[in-house]
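A quick write-up on the structure given underneath.
A short reminder: the numbers here are calculations on the coordinates, not readings from a lab. Just so you know, these numbers come straight off a predicted model, no measurement behind them. We place every Cβ from the backbone using ideal geometry, glycine too, and count neighbours over all the protein chains shown.
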Amino acid sequence: MNSAYRSAFRPGLLNGQVIVVTGGGSGIGRCTAHELASLGAHAVLVGRNLEKLQATADEIAGDGGRVSFHGCDIRQEEAVKAMVAEIVAAQGRIDGLVNNAGGQYIKPLEKISAKGWQAVIDTNLTGGFLVARECYLQSMAARGGAVVNIVADIWGSMPGMGHSGAARAGMVSFTETAAMEWAKSGVRVNAVAPGYIASSGMDHYPPEAGPMLREMRQTVPLGRFGNEAETSAAIVFLLSPAASFISGTVVRVDGARPQVRMGWGQVAAPDDVQQRDAVKPFDGFHRYVTPKVFQS
């Protein structure tokens, strides 16, 4: 394992910034927090699992980065208000927010209970709204800032995860509305939509989902899954000064997956083509571990 994050961005790009990452204890959130810290930001991890947050914080600190963490259930309004207040009190401000926390499970619509539906909506839509609203009210309205909401590949629907698809589509609309309403305060709001990303979140799917997950890359024109570092790079760009005139948009990180249609024949690029420089995997995250479902 190399000892440092191999970011595509220049060192010190985010020096002195305070950037909150919800769901920062695992998967894309953990990777993004590592990259932000490697670029000079103080990464503030937020999540429900203090053990995971502590482990990620220890990794970042061990790599020489600046990091802190706060436990919070983002579905609880008063808890979110208190958590953001604690961050502002400790750090003085919030410059950026990566609204990454989320979760869902595989089930067809007719088998999703009202309770299950509400739980996913609360996590993937309402919670993200609450955190963004409080970061705006308690810091960004007075100072400006950048918000990146993590959504999903909802183009063409999400069969088997209709609750998540509905929530993510709502977050896209929220992104566009917030970009309009908060521009007056110098706040940019964008979203990143990961497609099939081989992250640690896949370790939580049931074993019977394994064959389906392993075959999914055949439906991606670039012929493979993306990785956490490729998603993080899009997030960091939208937080960076280079994106200062970008707001209200969604950056897809999906290998052209939504363009696939039935009847188009061979879709996935051959294995040898996947290693050409323009499309081969970006190996940026020095602590990345391949999900168990893809390990031989």
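Need the full-extension length gain, S157 to K111, defined as separation in residues times 0.36 nm minus the C-alpha distance. One decimal, nm. The partial results should precede the final answer.
Details: separation 46, 0.36 × 46 = 16.56 nm, distance 1.73 nm.
Gain on extension, S157 to K111, equals 14.8 nm.
For the pair A61 and T290, the difference between a 0.36 nm per residue extended length and the Cα-Cα distance amounts to 80.2 nm. Taking the chain as the reference, fit the longest principal axis to its C-alpha atoms, fit the long axis of helix 27-38 to the helix C-alpha atoms, and give the angle between the two in degrees, 0 to 90, nearest 10. Value to nearest ten degrees: 50. Between helix 162-182 and the chain there is an angle of about 40 degrees, using the helix long axis and the longest principal axis of the Cα atoms. Approximating the spin labels as points 7 Å out from Cα along Cα→Cβ, the A90-to-T249 distance works out to 3.4 nm.
Ranked highest first by the average count of other Cβ atoms within 10 Å around their residues, in what order do 173-186, 120-133 fall? Walk me through the intermediate numbers first.
Numbers: 173-186: 15.5, 120-133: 22.1.
With the highest mean Cβ count within 10 Å placed first, the list reads 120-133, 173-186.
Sorted by packing (mean other beta-carbon atoms within 10 Å per residue), highest first, where do 104-117, 242-255, 38-51 land?
Working: 104-117: 12.3, 242-255: 16.4, 38-51: 21.6.
By packing density, highest mean first, the sequence is 38-51, 242-255, 104-117.
Computed packing ranks the peptides 79-85, 266-272, 8-14 as 79-85, 8-14, 266-272, most packed first, by mean other Cβ atoms within 10 Å. Summary of the geometry: segment 54-82 and segment 224-289, compared by the centres of their Cα atoms, lie 27 Å apart. Computed over the Cα atoms of the chain, pair by distinct pair, the Kirkwood hydrodynamic radius stands at 19.4 angstrom.
Test of understanding: ordering R276, R214 by Cβ neighbours within 10 Å, fewest first, what list do you get?
Working: R276 9, R214 12.
By the 10 Å Cβ count, ascending: R276, R214.
Count charges around S244 for me, please; just the other residues with Cβ under 14 Å from its Cβ, Lys/Arg as +1, Asp/Glu as -1. Charge balance near S244 sits at 0. I need the shape label for segment 201-260. Rule: rounded when a/c is under 1.5, else prolate if a/b > b/c, else oblate, with a, b, c from the alpha carbon gyration tensor. Taking the square roots of the gyration eigenvalues as a ≥ b ≥ c, segment 201-260 is prolate. Residues whose amide H falls under 5 Å from that of H42, counting only those 5 or more places apart or on a different chain, are G16, Q17, V18, I19, with hydrogens built in the peptide plane.
Put simply, the amide H of N149, placed in the peptide plane, has neighbours under 5 Å in N99, N190, A191, V192, leaving out anything fewer than 5 places away on its chain. Pairs spanning more than 31 Å between alpha-carbon atoms, out of K81/K292; K52/K107; K107/K292; K115/K184: K81/K292; K115/K184.
Helix 77-91 and the longest principal axis of the Cα set of the chain meet at an angle near 60°.
Quick check: from the Cα gyration tensor, does segment 96-143 come out rounded (a/c under 1.5), prolate or oblate? Could you put the intermediate results ahead of the total?
Values: a/c = 5.93, a/b = 3.10, b/c = 1.91.
Judged from the Cα gyration tensor, segment 96-143 comes out prolate (a/c at least 1.5, a/b above b/c).
Using a simple spin-label model with pseudo-atoms 7 Å out from Cα toward Cβ, A183 and S3 lie 4.7 nm apart.
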